[in-house]
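Read the structure below first, then the notes.
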Amino acid sequence: MNNNELSPQWLLNFVTIYQSLHTDNVDDIRQIYHRDIIFEDPLHRVEGLDNLLDYFNKLYQNLSYCEFIITDSFYSHNQAAVYWVMSFKHANLNGGELIEVIGHTHLKGINDKVTYHRDYLDAGAMLYEHIPVLGSAIRFVKKRASQ
């Protein structure tokens, strides 16, 4: 990890948990998030640790595989940017084959807990492009836009 300052414990905990997070240990997120966590991704906004755990359990219940590789992180003034590659398999997406998504996360933390988490990623690459009819349409639009 690259850091402008010494990394706080909440960031170290976040990286450790996410790099070991799989479909069978989703409850481990309780160790890193504050009870009043605000979590945002391109599809949802969730407030509160219990709601976040419920959201994650629903996301992970249809995955046969999920892994995060943290490629870099930067920390300054109680905020961090974490860059990652997520690999996952979902029975209804991409024919059940592996999907890889590159993204990054903006974090804020206090003491040993993350209080704010916002993911930035291409929702099309993660989800929409792998839905049979919709995926073809999105790939067509992307191709046309790049010409």
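Keeping to segment 53-86, report how many residues are out of contact with any Lys or Arg (no Cβ under 9 Å at 6 or more places or on another chain) and closer than 22 Å to residue 101 by Cα.
22
Return only the number of the condition from (1) of a type outside the set (Asp, Glu); (2) at pLDDT below 90; (3) surrounded by 12 or more Cβ atoms within 10 Å (Cβ to Cβ) that residue 15 does not satisfy.
Exception for residue 15: condition (2).
Name every residue in segment 7-30 that is in contact (Cβ under 8 Å) with a residue 24 or more places away in the chain and outside any helix (DSSP H, G or I), in order of residue number.
Within segment 7-30, 7, 8, 21, 22, 23 meet the criteria.
Among the residues of segment 39-76, count how many are among the hydrophobic types (A, V, I, L, M, F, W, C) and free of Cβ contacts under 8 Å to residues at least 40 places away in the same chain.
Matching residues across segment 39-76 total 6.
Report, ordered by the first and then the second residue, all pairs with beta carbons closer than 6 Å, sequence separation of six or more or different chains, a first member in segment 99-122 that is under 13 Å from residue 36 (Cα atoms), and a second member that is basic (Lys, Arg).
Pairs that qualify, where the first residue is under 13 Å from residue 36 (Cα atoms) and the partner is basic (Lys, Arg), are 115/108; 116/108.
Answer with yes or no whether residue 36 is of a type outside the set (Gly, Ala, Ser), surrounded by fewer than 18 Cβ atoms within 10 Å (Cβ to Cβ) and touching a residue at least 60 places away in the same chain (Cβ under 8 Å).
Yes, satisfied.
The values are calculated or read from the model by the stated rules, or taken from the named source; none is laboratory data. This is a predicted model, so every value here is computed, not measured. Counting neighbours? That spans all protein chains shown, and the Cβs are built from the backbone with ideal geometry, glycine included.
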